[in-house]
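First the structure, in the form of structure tokens, and then the observations on it.
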Amino acid sequence: MAQIINTDGIVLKRTEAGDSGFYLKVLSPVYGTIDVTARGAKKQGAKNSAASQLLACSGMSLSVSKGRYYLESSEIINSFYNVRLDVVKLSLAAYFSQIILTVCTENQSAQDIYRLFTNSLYMLGKDDTDPEFIRFIFEMRIMGDIGFLPRLLGCAECYRTEPLMYFSPKSGIFLCPDHLGDEHGFIGLSASAMEAMRYVCLKDMEHLFSFRLSQKALRTLTQISEKYIILQLDREFDTLSYYKRMLSDMYTVCPPDPSPQ
Ligand SMILES: [Zn+2]
């Protein structure tokens, strides 16, 4: 007899499985990223059709047979409908999903990443949320969660925090102006922007989104978090390029400010 397990799960990706079903990539807080077959879910009114939607978050009952997971029944927790309706937000969610599929594996507990992802989608679904603010938090926080925490204490040489600091996305360290010398690849940022990085990396999940940033600081911080994730994971994300294209089509975006923030 097949074993039955119960878990919450959110759909990161789905492809068609024959005429009537879907193959789902699901993030479970307990089991990591797992492949789930949702048989018959494509049929109109099928019991698991809502839970098989992209980004649908459900309580799932799965049967496990020969190392494969099958969706038997489901109860929707949140469909993140507001995110799915908005092409910019949806493309950002696809980028988050691609990052998760890169850094998570099966049978690896993913409690922190699951909470980060579902909380990020919840915040993203609000009308007045700037997607770039959510992107900065997600990119920076997930790197800390998987063990790529930057050295946040201050200048890597003297531990001071000056009004203007420099961060290297390649080495994950800060330098003060005195110790920057002729080092390359450092991005200038204010002490308060540095404090925002520290906050996002270390704050408890409950208060993670409870702060504000100026547009200027946000532009610098997304430049940093994006470079940090690409350089540390040593890969590009096609979903990020797509999201940025959608963002520049939908919103008026100011060009990055070359001066330090
Ligand atoms: Zn220094």
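In table form, for the structure just shown:
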| quantity | calculated |
| --- | --- |
| Trypsin sites (Lys or Arg not before Pro) restricted to DSSP loop in segment 107-168 with at most 16 other C-beta within 10 Å | K126, R151, R160 |
| Built amide H within the under 5 Å cut-off of A17, gap 5+ | F22, Y23 |
| Rh (Kirkwood; distinct C-alpha pairs) - the chain, Å | 19.6 Å |
| Furthest towards positive pole of dipole, L164, F22, L231, structure part the chain, Cβ charges | F22 |
| Ascending count of other beta-carbon atoms within 10 Å, so fewest first, for Y242, Y166, Y159 | Y159, Y242, Y166 |
| Volume of the Cα convex hull of segment 109-184, divided per residue and given in Å³ | 108 Å³ |
| DSSP loop GluC sites (Glu not before Pro) with at most 14 other Cβ within 10 Å excluded, longest remaining stretch of the chain | 1-156 |
| Distant-in-sequence amide H partners of T37 (H built 1.01 Å from N, under 5 Å) | L24, Y69, Y70, L71 |
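Read-outs throughout are calculated quantities, based only on the coordinates presented, and are distinct from any laboratory measurement. This structure is a prediction, so every number in the text was calculated from the model and none was measured. Positions of Cβ are generated from backbone atoms using ideal geometry, with glycine treated the same way; all protein chains shown enter the neighbour counts.
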